[in-house]
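The values are calculated or read from the model by the stated rules, or taken from the named source; none is laboratory data. Small disclaimer: the values here were computed from a predicted structure and weren't measured. Cβ atoms come from the backbone with ideal geometry, glycine included; neighbour counts cover every protein chain shown. When the accessible area is computed, the model is the full protein with side chains, heavy atoms only, and any ligands, DNA or RNA have been set aside. Shrake-Rupley method; radii C 1.70, N 1.55, O 1.52, S 1.80 Å.
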Amino acid sequence: MKTRKIILMLVLWMFSISLFAQQKISGQQNPDKVFKVICERYSRICNTLNSEPIENLPKDENAVRLVSISNSIIRLVWTESSWTIEFTEGNGNGTKIVRKKTLDVSEEAVKELLALLEEKDFYNQPSSLNVSVRDGTEWFVEANIDGKYKALVRPCPERTFLNDIGEKLFKMAGEWPSDEELEALHKEFEEYQNSRKLLKKKR
C-alpha cells in the first residue's frame with residue numbers, strides 16, 4: 001500500500017503544476033556537467049532496480065524509458081513485430097525491487113506515443129532546466145528511436161511537456177490512478193499545502 005501511494009502521489013504532483021548490471025547513462029548529447037551528474041544518479045537507480053539500458057540497442061529495437069526519483073521505472077521496447085512495456089517499482093530509498101511486471105502493448109499505443117513525442121518536439125528540447133527539486137518529484141525520460149538517443153529531465157509538480165509523455169507511459173503500463181483515487185489525492189494534497197502555509201505563518 002505504501003509503495004502504491006508513492007506512485008499515486010507522483011501523479012498528483014504532476015497534476016498540480018553498457019552492461020546490464022553496470023550501465024552508465026552518459027548524457028552524451030549534452031556536455032553540461034550538471035546534467036552528467038543527473039545521468040549518474042539515474043544510472044544508479046536503474047542499476048539497483050535491474051532496468052536494462054536503452055542508450056545502445058540492437059539495430060531493430062527502439063525504446064523509451066521513464067525513471068522517477070521516487071524509484072519507479074517504465075521501459076517500453078518495440079521492434080517491427082513486438083511491443084512490450086516493463087514496469088518496475090522500487091522501495092522508498094531505491095535499494096530493492098518491490099514490484100515488477102511486463103505487459104504486451106498494442107502497436108497503435110506505441111504509434112500514439114511516437115506522435116506525442118513528435119508533437120512535443122522531444123528531440124529538440126533542452127536536456128534540463130537547471131533547476132533543483134524542492135517539492136514533489138523529478139522525471140528522467142530517455143528515447144532511442146531509429147538509432148537516435150536523447151535524455152531529458154524535468155521537475156514535477158511544474159507542468160511541462162514531459163508530464164504528458166509520462167502520463168501516456170503510465171497508462172500504457174496500467175499504472176494510472178482511477179478518477180476516484182485522483183480526487184482523494186487532490187484533497188489530501190490540498191490539506192498538506194494548507195498545513196504548510198499555516199506553519200509558515202506561525203514562523
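Please compute the length gained on full extension between Ser81 and Val34, using 0.36 nm multiplied by the number of residues separating them and subtracting their Cα-Cα distance.
Numbers: separation 47, 0.36 × 47 = 16.92 nm, distance 3.84 nm.
Full extension of this stretch gives 13.1 nm more.
If you rank Lys96, Lys36, Lys120 by how much accessible surface each has, with a 1.4 Å probe, what is the order from largest down?
Values: Lys96 120, Lys36 75, Lys120 45 Å².
Descending accessible area places them as Lys96, Lys36, Lys120.
Pull out the extension gain between Leu116 and Arg44, defined as 0.36 nm times the separation in residues minus the alpha carbon to alpha carbon distance; nm, one decimal.
Working: separation 72, 0.36 × 72 = 25.92 nm, distance 2.82 nm.
Extra length available between Leu116 and Arg44 comes to 23.1 nm.
On a straight-distance basis, which lysines could pair with Lys171 in a cross-link, Cα separation under 23 angstrom, same-chain partners fewer than 8 positions away excluded?
List returned: Lys2, Lys5, Lys100, Lys101, Lys111, Lys120, Lys150, Lys187.
Run the accessible area of segment 40-156 with a 1.4 Å probe and give the carbon-and-sulfur part as a rounded percent.
Working: 2380 of 5480 Å².
Roughly 44 percent of what the probe reaches on segment 40-156 is carbon or sulfur.
Which of Asn93, Ala115, Ser82 sits farthest toward the positive end of the charge dipole of segment 79-124, with +1 on the Cβ of Lys and Arg and -1 on the Cβ of Asp and Glu?
It is Asn93, whose Cα lies furthest towards the positive end.
With every protein chain left in place and a probe of 1.4 Å, what is the accessible surface of Thr102, to the nearest 10 Å²?
In the full protein context, Thr102 sits at about 90 Å².
So what J values fall out for segment 90-101 if you push phi through Karplus, 6.51 cos²θ - 1.76 cosθ + 1.60 with θ = phi - 60°, rounded to Hz, Gly and Pro as x?
x, 6, x, 9, x, 9, 7, 7, 8, 8, 8, 8
Just tell me which aspartates and glutamates come within less than 16 Å, Cα to Cα, of Lys168; anything on the same chain fewer than 8 places away is out.
Here the aspartates and glutamates satisfying the reach criterion relative to Lys168 are Glu86, Asp104, Glu107, Glu108, Glu112, Glu118, Glu119, Asp121, Glu142, Asp179.
Using 0.36 nm times the number of residues separating Leu198 and His186, minus their current alpha carbon distance, what extension gain do you get? Provide the component values of the computation, followed by the final result.
Numbers: separation 12, 0.36 × 12 = 4.32 nm, distance 1.85 nm.
The Leu198-His186 span can extend by a further 2.5 nm.
Please turn the phi angles of segment 161-169 into ³J(HN,Hα) values with the Karplus equation 6.51 cos²θ - 1.76 cosθ + 1.60 (θ = phi - 60°), one per residue in order, whole Hz, x for glycine and proline.
Taking θ as phi minus 60°, the curve returns 4, 5, 5, 5, 5, x, 4, 4, 5 Hz for segment 161-169.
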